[in-house]
1. Evaluate the stretch A:130-141: report whether one residue or more is within 14 Å of chain B (Cβ to nearest Cβ) and either under 16 Å from the mean Cα position of the chain (by Cα) or at negative phi (or both).
2. Just one of the numbered conditions (1) of a type outside the set (A, V, I, L, M); (2) crowded, with 24+ Cβ neighbours inside 10 Å; (3) within 14 Å of another protein chain (Cβ to nearest Cβ) is not true of residue A:125; which one?
3. Across the stretch A:107-118, what is the total count of residues that are within 14 Å of another protein chain (Cβ to nearest Cβ) and either closer than 19 Å to residue A:130 by Cβ or not in a loop (DSSP other than H, G, I, E, B) (or both)?
4. For residues that are at pLDDT below 95 and assigned to a helix (DSSP H, G or I), tally how many sit in the stretch A:202-219.
5. Does the stretch A:157-172 include one or more residues that are touching a helix residue (DSSP H, G or I) at 6+ places or on another chain (Cβ under 8 Å), within 14 Å of another protein chain (Cβ to nearest Cβ), surrounded by 15 or more Cβ atoms within 10 Å (Cβ to Cβ) and not in a loop (DSSP other than H, G, I, E, B)?
6. Just the residues that are within 13 Å of chain B (Cβ to nearest Cβ) and among the acidic types (Asp, Glu), please, taken from the stretch A:142-156.
7. Which pairs turn up if I take residues in the stretch A:75-93 that are over 16 Å from residue A:123 (Cβ atoms) and part of a loop (DSSP other than H, G, I, E, B) and look for partners that are modelled with pLDDT under 95 and not hydrophobic (A, V, I, L, M, F, W, C) with beta carbon separation below 6 Å, at least 6 apart in sequence or on another chain?
8. Which of the numbered conditions does residue A:104 fail, given that it passes all the others? Conditions: (1) within 14 Å of residue A:191 (Cβ to Cβ); (2) in a loop (DSSP other than H, G, I, E, B).
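The values are calculated or read from the model by the stated rules, or taken from the named source; none is laboratory data. Since this is a predicted model, take the numbers as computed values, not measurements. Using ideal geometry, Cβ is built from the backbone for each residue, glycine included, and neighbour counts are taken over all protein chains shown.
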Amino acid sequence: MKFGVVRFPGSCDEVDALHACRRVGEAVLLWHGDRDLQGVDAVVVPGGFSYGDYLRVGAIARFAPVMEEVAEFAAAGGLVLGICNGFQVLCEAGLLPGALLPNTSLRFIFRQVELEVVTTDSPFTGACALSQRLSIPIKHTTGRYYAPDDQLSRMEGSGQVLLRYAPGENPNGSVNDIAGVCNEQRNVFGLMPHPEHAVDPLTGPTGGLAIFESMRAHVTDGAALV
Amino acid sequence: MMRARVLVKPKAGILDPQGQAVERALPALGFTGVRNVHVGRLIELDVEDPARLPEMCQRLLTNPLIEDYEIVEADAPAGSNGGGAGATAR
């Protein structure tokens, strides 16, 4: 299992993402200007401030050469995980529904939150238990998930909401307490919390590991079936 | 070349905490009687083909899911005087 972690100018969580991926498999860096995905089995678009987040968060990064390849990879069914700024980039690129708006508090929020696993029927939560609580940190100013009502009810109906902030935990005003959503095909997932910062007992809870472990299990078990 | 201004604001109906914060701050300075404050962005640009502006707005300058925009045409490119404004709305 080989992960690829994208590095944009302004990325800042790609090293932790590499570290998290390497707890369950191999991982390589993917440079934003390259078009070579190096044969990876899954792509992680990490957190940070890609291209300075000029204009809107994630708006410029979606035009990076590597993102064209990521879009093709996703269209072919490849697993793509977007974390925080990566989530924003995937929404701007149209690979995920919805958008991220400024937190209702207008403040930068940096704290641990409790998440609830809404469904285990996805490559990203398959190794979790239903309604399992994951303790994972958030750190963002623009994390209020929004989708128009009609789109939202379709997403809820088809189980595209994979993670919610636990009752009373919603830190940013996200609609329906949504912390992470996947696309219709269920192979692209984005979330505002940072699972890559919660994989090592040295630094706290390890709730984030379940996301990476789920991806590994999906890829390697899927391969074993072939 | 045409000078254009793209006015971007949060889509109607979407919570705009920035606008609310400004609206709450004004009375503190004695400016009462102000309502429906919204904070957006102004993008100025000189364009050769103004007909392509809506597409630019849809694909990059705004996120149509969360933002409304208005294209305001000014007569003169940057650096020259003038700039009467006629508006094409959306």
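1. Step one: filter the stretch A:130-141 for residues within 14 Å of chain B (Cβ to nearest Cβ), giving A:141.
If we keep only those that are either under 16 Å from the mean Cα position of the chain (by Cα) or at negative phi (or both) too, we end up with A:141.
Looking for residues that are within 14 Å of chain B (Cβ to nearest Cβ) and either under 16 Å from the mean Cα position of the chain (by Cα) or at negative phi (or both), one finds at least one in the stretch A:130-141, hence yes.
2. Only one criterion in (1) of a type outside the set (A, V, I, L, M); (2) crowded, with 24+ Cβ neighbours inside 10 Å; (3) within 14 Å of another protein chain (Cβ to nearest Cβ) is unmet by residue A:125, namely (3).
3. Step one: list which residues in the stretch A:107-118 are within 14 Å of another protein chain (Cβ to nearest Cβ), which gives A:107-109.
So of that shortlist, the ones also either closer than 19 Å to residue A:130 by Cβ or not in a loop (DSSP other than H, G, I, E, B) (or both) come out as A:109.
The qualifying residues number 1.
4. Counting residues in the stretch A:202-219 that are at pLDDT below 95 and assigned to a helix (DSSP H, G or I) gives 2.
5. No.
6. If we filter the stretch A:142-156 for residues that are within 13 Å of chain B (Cβ to nearest Cβ), which is where we start, we get A:142-152.
Residues satisfying the conditions are A:149, A:150.
7. From the stretch A:75-93, the pairs are A:93/A:62.
8. Evaluating residue A:104 over (1) within 14 Å of residue A:191 (Cβ to Cβ); (2) in a loop (DSSP other than H, G, I, E, B) leaves (1) as the failure.
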